[in-house]
Structures are given as C-alpha cells and as structure tokens.
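Data first, discussion second: the structure below is written as structure tokens.
The values are calculated or read from the model by the stated rules, or taken from the named source; none is laboratory data. Only a predicted model underlies this, so the values are computations on that prediction, with no experimental measurement involved. Every residue, glycine among them, receives a Cβ derived from its backbone with ideal geometry; neighbour counts consider all protein chains shown. Accessible surface is based on the protein model in full, side chains and every heavy atom, while ligands, DNA and RNA are left aside. Shrake-Rupley method; radii C 1.70, N 1.55, O 1.52, S 1.80 Å.
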Amino acid sequence: MKNIFATRSGIIGVGAFIGVMAALLQFWGNPGNMGICVACFVRDITGALGLHRASVVQYVRPEIIGLVIGSLAAALVFKEFRPRGGSAPIVRFVLGAFAMIGALVFLGCPWRAMLRLAGGDGNAIFGLLGLVAGIWIGTRFLKAGYNLGRTRVYSTTAGWVMPALAAGLFLLLLIFPRTEGQEQSGVLFYSLKGPGAMNAPIAVSLIIGLIIGFLAQRSRFCTMGAFRDLILFKQVHLFSGVVALIVFAFTTNLIVKQFHPGFAGQPVAHVLHLWNALGMVLAGLAFALAGGCPGRQLFLSGEGDTDAGIFVVGMVAGAAFAHNFGLASSPAGIGPHGMAAVVIGLIVCGAIGFTMKQK
Amino acid sequence: METVDARGLSCPQPVLMTVDALKKTSADRMLVLVDTAASKENVSRAVSSNGWTVADITPEGETYRIEIHKG
C-alpha cells in the first residue's frame, strides 16, 4: 500500500495540521507560543512527577501521551510496530539529557522555536539559527562516519514499554486531577501559576496529540531531519513540512489575534540572543547525533524503538537536572549555571561525535 | 549483485551508505537492504534523486529488499 503521508503533499499537510492545532491549543488555554512544545511538555511532566520542583512548570501534559499512543496506533494499523534497540542506549540517554538542557536554555524545542517565530517572537530567530548551526555540526560528524551502531530486534514486550508508560501517566492524571488551589493531588504536582498552570482541556489536548502522533508516524515528520536532509542531501522533503508548520501557525495566530511581533516581553522567553542561539546549537547537535528531534523520538518510541525511548527518558533526566541545578532559563534570563551546562554539553556531544564510529 | 546492507541502522545512515555506493559503483544494478518503512521511503527517494530507479521492493521477514538500477 502506498503511504500517502510520505509524499510531498502528505508531509506539507501534516506540518500544516500541527501548525494550526498548536496555535489553537494555545488559544484554548496552553501557554503563550507553546501550543505544543515537546521539550517544555516533557519538562512539565517531569515536574508533575516531582522529579524537579520548579513550581511553575508542573503538569502531566496529555499532548505528549497522545503523541506516543497515536504513533503506536498508526504503527499497529500499518504493521510498522517493530520492537528494536541496542544501538548505544547509554549514549542516547546522554544525548537526550543534553538536548533537553540546551532546549531549556533557549526555552523551547524546535517545534516551539517555530511556534515562537509564528507568534511574532523575534528571539526565536536566534534559536533557529543556533538549531541549524548545531545540526550542521552534526552533519559534519555524519559525513565523517559517525554512527551509533545497528539496532537488533527486541521482544514485543520491550516495544510496549514506552506506550505503557504513557498510558500509565494518563491514568495518574485521571486518578489525581487538578484540585483548585492545591499544588498536590495524590502523587502528582500541579502549578498554581506560570506556564504549568495554563492548559487546554484534557480531552482536547489528548485527542489533538493522538491525531498528530498518528499522522507524524505515517509522514516521519521531523524538525531536525528537515534541516539535516537539506544540508546533507539538498533534499526539501521534510523541510517543506516545517515550512508548512510555520506558515499555518502564523496564519492561525493572525486569525485568532495571537500574533504579537517584538523581542521584549514575549511569553516564556528571554532576550539574551547569544544564549538563545548557543542553547539551540547544543540541542540541534544532540538531536542530529541521536537521529531525530524530540517529537520524532516520541513517535519512534511509539512504534517500538526503545533507543528513542531511552532518549526520551534522558530528556526527563535532563529536565530534572536543568531545574534542580539552575541550568534552565526563565523570562528573567539564563540560569546561574546555564553557561557552564551548555559548554559541558557541547564538549560531551563533540566527544561523542568524534569517537562513535562503527561498521 | 552488489549489496548495501543498512539493516538495523537509522536515518540518515541508510541513505548515506546508498548514495555513497551509487557514486562508487560501476555496476548498473544494486540491492539495498533496510528494515524500517521510513528507511525504505528515504532510500527510495534518494535513489530517484540520484538518477537511479527503484525496480522492485520485496518485504522478506523484517527486511525490505530494494532492487535499484541505473537510469
């Protein structure tokens, strides 16, 4: 059967859908220019579980759960569910952690960088420039033979671990719902103010996440791959998807009056251009070395790729370190140890890029 | 037949290996082995944009056998 979502119009359609839905999710209650941000939302889940205690970013985001389960559904329907793993898992964990730390210095994953741009946040330009620079460095390593090694086939159970974790999180959200004025509900933490306190209705978030997960699994939508393939192969296939995302998010923002151009005072953003860029250099490099943006890692987790699952778990650990160690930025600027973390991250990712070569 | 075995490798490796092999080979037929649908699509796309044609794709267990020829 031909996969229509893997055609040019397919990937453009998926990018457009994500753009429109992200802008609407923001309209329906999600934080500013953060309709869907994979890094921020994984960070919020980390906070909801009490693995970091930054009180303004604690919420089990149903979108993330939807992205994994939606991808699982598509993989099962189209017989692409393939439990696999064993391609340098610990390295992928480290890449996930530093990708998250870099993203939290900028304040957003590539999806959010594009959504910030589409909402008029000029600081996103520096983030995107950094992202492209980081991916470019990654492509140099790839050309020089960088490789994390082959995966092997795993038993079915292994492939179900990440979808089961996602389903378990959703169950927790249902059992321990937000209680007005309370920071804690059972085992979960909630934000009383800040971005963690802003959310679209649970059902809306989950359903949109499910649909995006399903479509993105079919189309292989990836914001890192978009720039990587453009640089490595001069191929615009995935790139046309991210352009569609930006254009459609921008248009939707104009229609619902969410477009506010400028640099200062943008939602959940800071104006330190150098660190906006360098944070994303680190994130972009880590994504390129791991073979996918955070969204793509979630979709791969859903179709049984346990290495992508390890990357996601690494992102959770990275989020915890980022907030516990003062590495993450805030609208006031970068964290006290943000600079050190970016430098260490670049050194570690550089070492991985230089040394990991396998036939 | 000259074979590129990219099974177990994730993108962009299968594409890099295939394009590399296309540039080096003197043969006009080649076989590429991959094991995910995404790699199958990416390799097919890269083959076409390098002036080769996908002649046939046969699934065989966990593997997709992609037969390609020049022109």
Hull-based mean projected area of the range A:19-98, where the convex hull spans the alpha carbons, in square nanometres: 7.2 nm²
In whole angstrom, the spacing between the Cα centers of the range A:301-334 and the range B:1-62 equals 34 Å
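Return the value, in Å² to the nearest 100, of accessible area buried between chains A and B (probe 1.4 Å, both sides summed). Provide the component values of the computation, followed by the final result.
Values: alone 13860 and 4090 Å², together 16220 Å².
The A and B chains share an interface burying roughly 1700 Å².
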Please compute the alpha carbon radius of gyration of the range A:230-293, then divide it by the globular-protein estimate 2.2 N^0.38 Å. Two decimals is fine. 1.42
Output the Cα-based Rg and Dmax of the protein assembly as shown in Å, rounding Rg to one decimal and Dmax to a whole number. 20.6, 72
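Once you charge only the Cβ atoms, +1 for Lys and Arg and -1 for Asp and Glu, what is the size of the charge dipole of the protein assembly as shown about its Cα centre, to the nearest 20 debye?
In total the dipole reaches around 540 debye.
Give me the percent of Cα-Cα pairs in the range A:79-150 that sit more than 16 Å apart, rounded to a whole number. Present the calculation step by step, with values, prior to reporting the outcome.
On the way: 1597 of 2556 pairs.
Across the range A:79-150, Cα pairs with separations above 16 Å total 62 percent.
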Of the range B:35-71, those with amide N under 15 Å from the point 7 Å along the Cα→Cβ vector of B:D28 are B:51-55, B:68-71
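Roughly what % of DSSP beta bridges within chain B run antiparallel, to the nearest 5? Could you put the intermediate results ahead of the total?
Numbers: 14 of 17 bridges.
For chain B, the DSSP antiparallel bridge percentage is about 80.
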Vicinal HN-Hα couplings computed from phi for the range B:53-69 (Karplus, 6.51 cos²θ - 1.76 cosθ + 1.60; Hz; Gly/Pro x): 10, 7, 7, 7, 10, 10, x, 9, x, 8, 9, 9, 9, 9, 8, 10, 9
Report A:I334's accessible area, 1.4 Å probe, all protein chains in place, as a number in Å² to the nearest 10. 40 Å²
Surrounding charge for A:F141, neighbours by C-beta under 12 angstrom, Lys/Arg +1, Asp/Glu -1, total +4
Tell me, how many Å apart are the Cα centres for the range A:157-235 and for the range A:52-117? 8 Å
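Rg(Cα) of the range A:198-252 divided by 2.2 N^0.38 Å?
Numbers: Rg = 13.7 Å, N = 55, 2.2 N^0.38 = 10.1 Å.
Dividing the Cα radius of gyration by 2.2 N^0.38 Å gives 1.36.
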Amide H neighbours of B:W52 at under 5 Å, excluding residues fewer than 5 places away on the same chain, with H built from the backbone geometry, are B:G71
Note down the net charge around A:I231, summing +1 for each Lys or Arg and -1 for each Asp or Glu among other residues with Cβ under 14 Å from its Cβ. +3
Could you list the square roots of 5 times each eigenvalue of the Cα gyration tensor of the range A:1-140, that is, the equivalent ellipsoid semi-axes, sorted largest first and rounded to whole Å? 24, 21, 19
First check a/c for the range A:194-340, with a ≥ b ≥ c the square roots of the eigenvalues of its C-alpha gyration tensor; if it is under 1.5, answer rounded, and if not, answer prolate when a/b is larger than b/c or oblate otherwise. rounded
Among B:T25, B:T53, B:T36, whose mean-square fluctuation peaks in a Gaussian network model of chain B (Cα, cutoff 10 Å)? B:T25
Extension gain A:H337-A:H273, at 0.36 nm per residue separation less the Cα-Cα distance, in nm? 21.3 nm
Sorted by accessible surface (1.4 Å probe, heavy atoms of the protein chains only), largest first, B:E60, B:E67, A:E80 come out as B:E60, B:E67, A:E80
How much length is gained on full extension from A:K257 to A:R8, taking 0.36 nm per residue of separation minus their Cα-Cα distance? 86.6 nm
Taking the Cβ-Cβ separation of A:T157 and A:V187 as r and a Förster radius of 22 Å, what is the calculated FRET efficiency to the nearest 0.05? 0.30
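Only helices at least 24 Å long along their own axis, judged from Cα atoms, and with Kyte-Doolittle mean hydropathy of 0.5 or greater: name those in chain A from DSSP H.
Values: long enough: A:8-27 (29 Å, 1.60); A:89-106 (26 Å, 2.11); A:123-143 (31 Å, 1.29); A:156-175 (28 Å, 1.93); A:202-219 (25 Å, 1.89); A:237-255 (28 Å, 1.88); A:273-290 (26 Å, 1.58); A:306-324 (27 Å, 1.13); A:338-355 (25 Å, 2.23).
Membrane-span-like by this criterion, though nothing is claimed about a membrane: A:8-27, A:89-106, A:123-143, A:156-175, A:202-219, A:237-255, A:273-290, A:306-324, A:338-355.
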Taking a quarter of the surface of the Cα convex hull of the range A:270-357, what do you get in nm²? 6.1 nm²
What do you get for Rg/Rh of chain B when both radii come from the Cα atoms and Rh is the Kirkwood radius? 0.91
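Return one quarter of the surface area of the convex hull spanned by the alpha-carbon atoms of the range A:258-310, equal to its mean projected area, in nm².
Working: hull surface 21.0 nm².
Mean shadow area of the hull around the Cα atoms is 5.2 nm².
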Of the residues A:T223, A:T156, A:T46, which exhibits the maximal mean-square fluctuation in a Gaussian network model of chain A defined by a 10 Å Cα contact cut-off? A:T156
Fully extended, how many nm does the chain gain between A:K357 and A:F27 (0.36 nm per residue separation, minus their Cα-Cα distance)? 114.2 nm
The set of cysteines in chain A having no other cysteine's C-beta under 4.7 Å reads A:C109, A:C222, A:C293, A:C349
Add -39500 (n - 2.57) for each DSSP H run of 4 or more in the protein assembly as shown, then divide by its residues: what number comes out at 222 nm, to the nearest 500 deg cm²/dmol? -19500 deg cm²/dmol
Under a 1.4 Å probe, what is the accessible area of the protein assembly as shown per residue, stated in Å²? 38 Å²
Counting only DSSP beta bridges with both residues in chain A, tell me the antiparallel percent, nearest 5. 75 percent
Spatial extent of the range A:111-248: Rg and Dmax, with the Cα atoms as the point set, Å: 19.4, 55
